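Please read the structure below before turning to the comments.
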Amino acid sequence: MRDAPFLLARVHLPEDDRRPCLMQKLDDPYMGPMDGSVFSFQRAGEPVNAYAWWETHDPEVIGRGGHGVIRIVPMTPDLWTHLKPGTSLAMTHERLHAQVTQSLMENQA
C-alpha cells in the first residue's frame, strides 16, 4: 500500500473521546483488509460513503485533545479525486471528522 495513491487529512481526537489515543499503521501485521474505515463526504452535491485504509502519520500517536495528520489510502481512488484541501470528511465508525490537507492528485505526480 506504500505505492498507492493517498490523501493527507488533519484530525482532532476530542478530550472526552472514549479512546485514550489514535494509533494505526498500515504495515501492522495484525491489520487486515477489513481494518479500514468508511469516510463520508460530498461529491457533486450528493453524499458519498467510501471505504479507505488509514494510518496516523504525524505524530504516530494522537492523544486525547490532540491534533494530527492521517494518511488515507482509498479503496476506490476515483471517488476521491475531487477532494481539495479544506474539504471535510466524516470518519463514520470512529465518530471523528477530518479535513483534507493534501489532495489525492498532488500525490500522483
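If r is the Cβ-Cβ distance from HIS82 to HIS12 and R0 is 30 Å, what FRET efficiency results, to the nearest 0.05?
Rounded to the nearest 0.05, the efficiency is 0.80.
Of the residues GLY68, GLY36, GLY86, which exhibits the maximal mean-square fluctuation in a Gaussian network model of the chain defined by a 10 Å Cα contact cut-off?
Comparing GLY68, GLY36, GLY86 in the GNM, the peak value goes to GLY86.
Peptides 44-50, 21-27: what's the order by average Cβ count within 10 Å, highest mean first?
Descending mean neighbour count gives 21-27, 44-50.
Starting from region 1-87, pick out the GluC sites (Glu not before Pro) whose DSSP state is loop and whose Cβ has at most 14 other Cβ atoms within 10 Å.
Loop-located and lightly packed - GLU15, GLU60.
So the label point goes 7 Å from the Cα of ARG64 along Cα→C-beta, right? Which residues of region 7-46 then have their backbone N under 20 Å from it?
Answer for this model: 11-24.
Which option, (i) 0.94; (ii) 1.39; (iii) 1.16, is the value of Rg/Rh (Cα atoms, Kirkwood Rh) that was calculated from these coordinates?
Checked against the structure: label (i).
With a Förster radius of 25 Å, plug the Cβ-Cβ distance of MET23 and ASN49 into 1/(1 + (r/R0)^6) and report the FRET value to the nearest 0.05.
My answer for the efficiency is 0.55.
Relative contact order (percent) for the chain, with alpha-carbon contacts under 8 angstrom and 6 or more residues of separation?
Result for the chain is 37 percent.
Computed from the coordinates by the stated procedures, all read-outs in this text should not be read as laboratory data. Because the structure is predicted, anything quoted here is derived from the model rather than measured. Every residue, glycine as well, gets a Cβ built from its backbone with ideal geometry; the counts of neighbours run over all protein chains shown.
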